[in-house]
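**Student:** Attaching a single structure in structure tokens format; questions to follow.
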Amino acid sequence: NFAVEGGTQEVAITANFGYEVKYDADWLTIEKNENGISVTVPNYVEVDERTAEITISNEKYGISKTVKVAQCAFEPKLDVTPTDINFTIEGGEQSVKITANFEYEVSTTADWVTYTKTENSITVSVPKYVEVKERTAEITISNEKYGISKTVKVSQAGMSEEEYAKRVIFYTS
């Protein structure tokens, strides 16, 4: 059995005759040595466990033994903090911490929300807002291959009706 990270394991073989080694997977490497075989498996980033069989045999004597090889499935992990960010009418920037063990994409539902992606976070920027009604948007951090995503709700407060009324120009004739 191998962990997601892969590695090399030794299989001891004791035999008083020659033997052949065959295997049914292209993702592992087998090397014969004086004590048996070395099985090497690379890092694995899929979400399903994988298995293979190694057959050690001698046709002349009709002897065959099978070694089963299994490698654990990759478990994608995604944590986003905070999941709600609030801005005043003045706008500004806030940071969202992202912890992931895979590459991820970032998208937003509104053109007034922009972001800058760094290694372990995104910086969310919002401009000044001069309307009464609060506005909201979502930022999605995701990976389609692993079917995982997290959402950050972005809210920006609107002006009070009194403040908004001060900005309105009335025309009279």
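The values are calculated or read from the model by the stated rules, or taken from the named source; none is laboratory data. Please read these numbers as outputs of a predicted model, since none were measured by experiment. No Cβ is skipped: glycine too gets one built from the backbone with ideal geometry, and neighbour counts run over all protein chains shown. With ligands, DNA and RNA removed, areas are computed over all heavy atoms of the protein, side chains included. Shrake-Rupley method; radii C 1.70, N 1.55, O 1.52, S 1.80 Å.
**Student:** For residue 75, only one of the following conditions fails: (1) assigned to a strand (DSSP E or B); (2) in contact (Cβ under 8 Å) with a residue 24 or more places away in the chain; (3) loosely packed, with under 13 Cβ neighbours inside 10 Å; (4) of a type outside the set (Gly, Ala, Ser). What is its number?
**Tutor:** Residue 75 satisfies all of (1) assigned to a strand (DSSP E or B); (2) in contact (Cβ under 8 Å) with a residue 24 or more places away in the chain; (3) loosely packed, with under 13 Cβ neighbours inside 10 Å; (4) of a type outside the set (Gly, Ala, Ser) except (1).
**Student:** Go through segment 122-148 and give me each residue that's of a type in the set (Gly, Ala, Ser) and modelled with pLDDT of 95 or more. Break it down stepwise before answering.
**Tutor:** Taking segment 122-148 first, the residues of a type in the set (Gly, Ala, Ser) are 125, 137, 142, 147.
Selection gives 125, 137, 142.
**Student:** Would you point out the residue of segment 1-59, among those that are among the charged types (D, E, K, R) and not in a strand (DSSP E or B), that is least open to solvent (accessible area, probe 1.4 Å)?
**Tutor:** 46
**Student:** Among the residues of segment 78-126, which ones are under 24 Å from residue 47 (Cα atoms) and assigned to a strand (DSSP E or B)? Don't jump to the end; show me each part of the working.
**Tutor:** Going residue by residue through segment 78-126, those that are under 24 Å from residue 47 (Cα atoms) are 78-80, 98-107, 119-120.
Those that are under 24 Å from residue 47 (Cα atoms) and assigned to a strand (DSSP E or B): 78, 79, 80, 98, 99, 100, 105, 106, 107.
**Student:** Residues being under 30 Å from residue 159 (Cβ atoms), modelled with pLDDT of 95 or more and among the acidic types (Asp, Glu): count how many of those fall in segment 53-94.
**Tutor:** 2
**Student:** Can residue 43 be described as out of contact with any helix residue (DSSP H, G or I) (no Cβ under 7 Å at 6 or more places or on another chain) and more than 30 Å from residue 102 (Cβ to Cβ)? Outline the logic, then answer.
**Tutor:** Working: out of contact with any helix residue (DSSP H, G or I) (no Cβ under 7 Å at 6 or more places or on another chain): yes; more than 30 Å from residue 102 (Cβ to Cβ): no.
Criteria not met by residue 43.
**Student:** Any residue in segment 156-173 that is modelled with pLDDT of 75 or more sitting within a Cβ distance under 8 Å of a residue that is assigned to a strand (DSSP E or B) and open to solvent by 60 Å² or more (accessible area, probe 1.4 Å)? List the pairs, counting only those 6 or more apart or interchain.
**Tutor:** Once the first residue is modelled with pLDDT of 75 or more and sits in segment 156-173, its partners that are assigned to a strand (DSSP E or B) and open to solvent by 60 Å² or more (accessible area, probe 1.4 Å) give 156/86; 156/136; 157/86.
**Student:** Is it true that residue 30 is of a type in the set (A, V, I, L, M), farther than 16 Å from residue 7 by Cβ and at pLDDT 95 or above?
**Tutor:** Values: of a type in the set (A, V, I, L, M): yes; farther than 16 Å from residue 7 by Cβ: no; at pLDDT 95 or above: yes.
In short, no.
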